[in-house]
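Right, one structure below, let's go through it.
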Amino acid sequence: VQLQASGGGLVQAGGSLRLSCAASGSSVSTKYMAWYRQAPGKQRELVASIGSSGGTLYAEFVKGRFTVSRDNAKNTMYLQMNSLRPEDTAVYYCAARFLAGDYWGQGTLVTVSS
C-alpha cells in the first residue's frame, strides 16, 4: 500500500487549504484512516480520523475548522482546513490502518503566515 499526501503549501492566516491522501496498491475503503501533523521540534499529533463507515473524530484544536472526508470510489481521503492559524504550520501526514500495521504517506508541508 502506498499513500500519497498532497495539497500543502503557503497560506495566510485565515485562509484555507485542502489536503488529499491518495492510496494505491490496495483499497482503503474499509480502513480506518487519519491525518497527523508534526510541527518543528514537536511530537507528531493526531489531527482527525475517519472510520470505514464515515464516522469522524477531531482534535480539540481543529474542531469547527477542519473537516475530514473520504471518497472510496477514488480511494482517497481529504482534509479541508479552514480558518488556518500560524500554529497549524506543520508537516501533515496521512495514515491507514491495516491488520498488518499502519501505513503512512510521505507528508505534505503546510505553512501558515501571520
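The values are calculated or read from the model by the stated rules, or taken from the named source; none is laboratory data. Since we're looking at a predicted model, the values are computed, not measured. Heads up, the Cβs are rebuilt from the backbone with ideal geometry, glycines too, and the neighbour counts pull from every protein chain shown. Remember, those area values only see protein heavy atoms, side chains included, never the ligands or the DNA or RNA. Shrake-Rupley method; radii C 1.70, N 1.55, O 1.52, S 1.80 Å.
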Completion exercise
So, first residue under 17 Å from THR67 (Cα atoms) in region 1-27, second residue assigned to a strand (DSSP E or B) and of a type in the set (D, E, K, R), Cβ within less than 6 Å, six or more apart or across chains; the pairs are GLY7/ARG18
Practice task
May I ask you to verify whether ARG97 is part of a strand (DSSP E or B), charged (D, E, K, R) and open to solvent by 40 Å² or more (accessible area, probe 1.4 Å)?
Solution key: yes
Problem - region 76-94, residues that are aliphatic (A, V, I, L, M) and buried (at least 20 other Cβ atoms within 10 Å of the Cβ) - result: MET77, LEU79, MET81, LEU84, ALA90
Exercise for the section: Look at region 43-74 and say how many of its residues are charged (D, E, K, R) and without any contact (Cβ under 8 Å) to a residue 24 or more places away in the chain. Expected result: 5
Practice task
Could you tell me whether ALA73 is open to solvent by 20 Å² or more (accessible area, probe 1.4 Å), over 12 Å from the mean Cα position of the chain (by Cα), of a type in the set (A, V, I, L, M, F, W, C) and within 17 Å of THR111 (Cβ to Cβ)?
Solution key: no
Exercise for the section: Could you grab the pairs with beta carbons closer than 8 Å, sequence gap of 6+ or different chains, first residue in region 77-94 and closer than 26 Å to GLY54 by Cβ and in contact (Cβ under 8 Å) with a residue 60 or more places away in the chain, second one in a loop (DSSP other than H, G, I, E, B) and among the basic types (Lys, Arg)? Expected result: MET81/ARG65; ASN82/ARG65; SER83/ARG65; LEU84/ARG65; TYR93/ARG44
Problem - Hits in region 21-49 (condition: open to solvent by less than 30 Å² (accessible area, probe 1.4 Å), closer than 23 Å to GLU60 by Cα and of a type outside the set (Lys, Arg)) - result: CYS21, MET33, ALA34, TRP35, ALA39, VAL47, ALA48, SER49
Problem - VAL68 vs. criteria closer than 26 Å to SER113 by Cα and open to solvent by less than 60 Å² (accessible area, probe 1.4 Å) - result: yes
Practice task
Please go through region 2-20 and pick out each residue that is part of a loop (DSSP other than H, G, I, E, B) and either of a type in the set (S, T, N, Q) or buried (at least 16 other Cβ atoms within 10 Å of the Cβ) (or both).
Solution key: GLY7, GLY8, SER16
Practice task
Specify which of the listed residues (LEU109, LEU57, LEU79, LEU84) is over 18 Å from GLY7 (Cα atoms) and touching a strand residue (DSSP E or B) at 6+ places or on another chain (Cβ under 7 Å).
Solution key: LEU57
